[in-house]
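Written out below as structure tokens is the structure these notes cover.
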Amino acid sequence: MHPKDKKFSTLSSDELERYSRHMCLPEIGESGQKKLKSSSVLCVGCGGLGSPLLMYLAAAGIGNIGIVDSDLVEKSNLQRQVIHGTDWLKRPKVESAKARILAINPHSNVETFNMMLTNENALGIIRPFDLICDCTDNFQSKFLINDASVILKKPNIYGAVSKFEGHSTIFNLHENSPNLRDLIPEPPPQNLLPSCSDAGVIGILPGLIGLIQATEVIKVITNIGQPLDGRLLVFDGLKMRFKELKLEKDIDQAPIKELTNYKNTDSNERIAPSSIEQITVEELRKLLNKEYSELILIDVRTQLEAKIESIEKSILIPLKNIENGQDIEKIKRLSSNKQLYIHCKSGSRSTKAIEILQKHGIDAINIIGGIDEWKKRFCVMEND
């Protein structure tokens, strides 16, 4: 049933009682509750983030909920994916989630997609829905959701978690709103990013971030408060601290007009040609400890990425300032009589930067794996 059907324009006596605490709020009232009932929200991923989000959206009265996930419920999921229970082990997550949603609120209409979101089906699945919630756990899916949302002009309620840290924001809320590519221009190589099964995640963390996403969904639909548009909320569970980073649209970013073949994720990893010398992060650390005065370490990530975390003693010069030639002379001055080293998030952008610098007669050494590999081996410097 489509959310715009007439059934969704009125509230039954049962719904009036069910949502009475919402309707006591002057910011929502009966008109806001009808907006929630008439809305349609697609959740991509019903794991750690999707579990709390889906349950609270159902309880809040979202009329039409879509769920995309191809996984089966595994025992290791139950530590954080609270929408699923032991009785649903080895059964599709979308069916488990649907059963739980309808147990919470039988007025919900739930559409399930027991499949992976791909560049072949993404536009068709996303198109009928008003808002998209990114509850996935890998960058390839996040870039696919981002690009499809931009093409279809759909708000994207973003969430991400790892270990003890979580992020949330809203991408593409308005025409001038930032999207994921304004934060991270390209998906990092998949094999350099640890999954939850490798890195771990405290079970409560996705619950917290998922509830922030659910809150933003309700705010956007009812048009209340200040949404996380242009603001990245970062939560540190170990320090129990929130911080907020400003996001801006990159006016130099090429417009997104079509979807990439995200299935070939390893193709995003640039293999450094033999003309580029490389060292490991362990070798870099030894050099920084012994010979810092003899070297220059340049970080070619974005300003926002560097604000979140950085390698101590690195100098930020974003890749785009090398591509457009703006900081070539600056790099020549910095590296005069010193060895130049370049790093990025995972090694892709640094390789590209070195290829450009070589054309200007500047030799540099690439850091294999970038700051992601550094984080695996050592700590990073957090920036407030």
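From the list Leu284, Leu297, Leu340, which one is buried (at least 16 other Cβ atoms within 10 Å of the Cβ) and modelled with pLDDT under 95?
On the way: Leu297 fails: modelled with pLDDT under 95; Leu340 fails: modelled with pLDDT under 95.
The unique qualifying residue is Leu284.
Test each condition in (1) within 27 Å of Pro206 (Cβ to Cβ); (2) over 27 Å from the mean Cα position of the chain (by Cα); (3) touching a residue at least 40 places away in the same chain (Cβ under 8 Å); (4) surrounded by fewer than 14 Cβ atoms within 10 Å (Cβ to Cβ) for Ser12 and report the one that comes out false.
With respect to (1) within 27 Å of Pro206 (Cβ to Cβ); (2) over 27 Å from the mean Cα position of the chain (by Cα); (3) touching a residue at least 40 places away in the same chain (Cβ under 8 Å); (4) surrounded by fewer than 14 Cβ atoms within 10 Å (Cβ to Cβ), Ser12 is out only on (1).
So is Ala148 assigned to a helix (DSSP H, G or I) and in contact (Cβ under 8 Å) with a residue 12 or more places away in the chain or not?
Numbers: assigned to a helix (DSSP H, G or I): yes; in contact (Cβ under 8 Å) with a residue 12 or more places away in the chain: yes.
Considered against the rule, which asks whether it is assigned to a helix (DSSP H, G or I) and in contact (Cβ under 8 Å) with a residue 12 or more places away in the chain, Ala148 comes out as yes.
Please go through the stretch 118-145 and give me each residue that is among the acidic types (Asp, Glu) and either under 20 Å from Val217 (Cβ atoms) or assigned to a helix (DSSP H, G or I) (or both), ordered by number.
Just the residues of the stretch 118-145 that are among the acidic types (Asp, Glu), to begin with: 120, 130, 134, 137.
Within the stretch 118-145, Asp130, Asp134, Asp137 meet the criteria.
Would you check if there is a residue in the stretch 200-222 being of a type outside the set (A, V, I, L, M), at pLDDT below 95 and surrounded by fewer than 18 Cβ atoms within 10 Å (Cβ to Cβ)?
Checked the stretch 200-222: at least one residue is of a type outside the set (A, V, I, L, M), at pLDDT below 95 and surrounded by fewer than 18 Cβ atoms within 10 Å (Cβ to Cβ).
Specify which of the listed residues (Glu309, Glu305, Glu329) is of a type outside the set (A, V, I, L, M, F, W, C) and over 20 Å from Phe139 (Cβ atoms).
Working: Glu309 fails: over 20 Å from Phe139 (Cβ atoms); Glu305 fails: over 20 Å from Phe139 (Cβ atoms).
Of Glu309, Glu305, Glu329, the one residue that is of a type outside the set (A, V, I, L, M, F, W, C) and over 20 Å from Phe139 (Cβ atoms) is Glu329.
Do any residues in the stretch 353-365 that are under 14 Å from Ser336 (Cβ atoms) have Cβ atoms under 9 Å from those of residues that are surrounded by 13 or more Cβ atoms within 10 Å (Cβ to Cβ) and aromatic (Phe, Trp, Tyr), where the two are at least six apart or on different chains, and which pairs are they?
Hits for this filter: Ala364/Tyr341.
For the stretch 1-44, enumerate the residues that are at pLDDT 95 or above and among the charged types (D, E, K, R).
Those that are at pLDDT 95 or above and among the charged types (D, E, K, R): Asp14, Glu15, Glu17, Arg18, Arg21, Glu27, Glu30, Lys34, Lys35, Lys37.
Could you list all residues from the stretch 65-91 that are surrounded by fewer than 19 Cβ atoms within 10 Å (Cβ to Cβ) and either in contact with an Asp or Glu (Cβ under 8 Å, 6 or more places away or on another chain) or free of Cβ contacts under 8 Å to residues at least 60 places away in the same chain (or both)?
Ser70, Asp71, Leu72, Glu74, Lys75, Leu78, Gly85, Thr86, Asp87, Leu89, Lys90, Arg91
The values are calculated or read from the model by the stated rules, or taken from the named source; none is laboratory data. Predicted model, so just to flag it, every value in this text is computed and none were measured. Here Cβ is always computed from backbone atoms with ideal geometry, including for glycine, and neighbour counts include all displayed protein chains.
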